[in-house]
Amino acid sequence: MSADPVIEPARNTRPPTAQAALGVGVIVEDGRGRVLLGRHHSGTWELPGGKVDATHESIAAAAARELREETGLVVDEASVNVIAMVHDVIGGINRISMAAVVRLASGVPEVTEPHLITAWRWIAPDELPAPLFDPSAQILAAWRPELGITHPPAHALRIAPAENHA
């Protein structure tokens with residue numbers, strides 16, 4: 001008596017329908033502990049950042065690229081420290097914002113996208129202006145929870161720094 005062969009169902013070769021947007025917000029600290037914020041034409045203050053390209057770009061590479069494109073500040077991808085993932089839902093789409101930190105000894109940010117940002121300012125973390133762009137507020141709160149930054153509900157997952165195995 002022979003057993004019927006088990007037939008595996010065919011795998012779906014199509015990718016799933018997109019249900020998330022992936023971005024990065026860059027907390028740029030200067031030598032005095034201040035952070036860089038841009039004044040958007042809408043009146044909100046925001047961190048440099050934006051979408052991660054769908055061309056196999058890493059989070060650190062996206063952070064360095066967005067920083068360069070938006071401010072003219074150039075950092076090496078290796079100097080980008082990804083510290084947290086922030087997740088919320090907007091319009092039925094999961095929004096994943098990666099929080100990255102870069103420390104600069106010096107640098108003068110330029111307004112390279114004047115249709116979006118009117119000015120870049122170095123601001124002490126305990127003197128953050130209002131209103132903050134929601135994703136920027138969420139990222140800053142994940143970075144420094146003790147600042148008590150008001151922001152829309154979000155899940156924040158801290159990311160441990162990579163260990164040095166020298």
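The values are calculated or read from the model by the stated rules, or taken from the named source; none is laboratory data. All figures in this text were calculated on a predicted structure; none of them were measured in a lab. Neighbour counts run over all protein chains shown; Cβ positions are idealised from the backbone, glycine included. Note: accessible area is taken over every heavy atom of the protein model, side chains too, but ligands, DNA and RNA are not part of it. Shrake-Rupley method; radii C 1.70, N 1.55, O 1.52, S 1.80 Å.
Name every residue in the range 85-110 that is among the charged types (D, E, K, R) and over 18 Å from the mean Cα position of the chain (by Cα), in order of residue number. E110, the sole residue that qualifies. If we keep just the residues of the range 110-130 that are in contact (Cβ under 8 Å) with a residue 40 or more places away in the chain and open to solvent by 70 Å² or more (accessible area, probe 1.4 Å), which is nearest to T44 (Cα to Cα)? Per the criteria, the residue is A130.
Cβ-Cβ distances below 9 Å connect the following pairs, each with a first residue in the range 147-165 that is within 27 Å of E127 (Cβ to Cβ) and open to solvent by less than 100 Å² (accessible area, probe 1.4 Å), a second residue that is modelled with pLDDT of 95 or more and part of a loop (DSSP other than H, G, I, E, B), and a separation of six or more residues or different chains: L147/L128; I149/L128.
Contact annotation: residue pairs with Cβ atoms under 6 Å, 6 or more positions apart or on different chains, pairing a residue in the range 50-78 that is touching a residue at least 12 places away in the same chain (Cβ under 8 Å) and polar (S, T, N, Q) with a partner that is open to solvent by less than 20 Å² (accessible area, probe 1.4 Å) and part of a loop (DSSP other than H, G, I, E, B), are T71/P48.
Out of curiosity, is I96 surrounded by 13 or more Cβ atoms within 10 Å (Cβ to Cβ) and not acidic (D, E)? It is true that I96 is surrounded by 13 or more Cβ atoms within 10 Å (Cβ to Cβ) and not acidic (D, E). In the range 89-105, the residues that are over 17 Å from T17 (Cβ atoms) form Cβ pairs under 6 Å with partners that are of a type in the set (D, E) and assigned to a strand (DSSP E or B), at six or more places apart or across chains, as follows: R103/E29.
If you scan the range 111-135, which residues turn out to be part of a strand (DSSP E or B) and either among the aromatic types (F, W, Y) or within 18 Å of the chain's Cα centre (by Cα) (or both)?
So the first thing to find is which residues in the range 111-135 are part of a strand (DSSP E or B), and the list is 117-123, 132.
I117, W120, W122, L132, listed by residue number.
Within the range 37-47, none of the residues are open to solvent by 60 Å² or more (accessible area, probe 1.4 Å) and of a type in the set (V, I, T). In this structure, does A141 turn out to be open to solvent by less than 80 Å² (accessible area, probe 1.4 Å), under 16 Å from the mean Cα position of the chain (by Cα), small (G, A, S) and farther than 24 Å from D53 by Cβ? When the stated conditions are applied, A141 passes them. If you go through the range 8-19 one residue at a time, do you hit one that is surrounded by 13 or more Cβ atoms within 10 Å (Cβ to Cβ) and touching a residue at least 40 places away in the same chain (Cβ under 8 Å)? No; the residues of the range 8-19 include none that is surrounded by 13 or more Cβ atoms within 10 Å (Cβ to Cβ) and touching a residue at least 40 places away in the same chain (Cβ under 8 Å). For the range 61-82, filtering for residues that are buried (at least 17 other Cβ atoms within 10 Å of the Cβ) and closer than 15 Å to E29 by Cα leaves 8.
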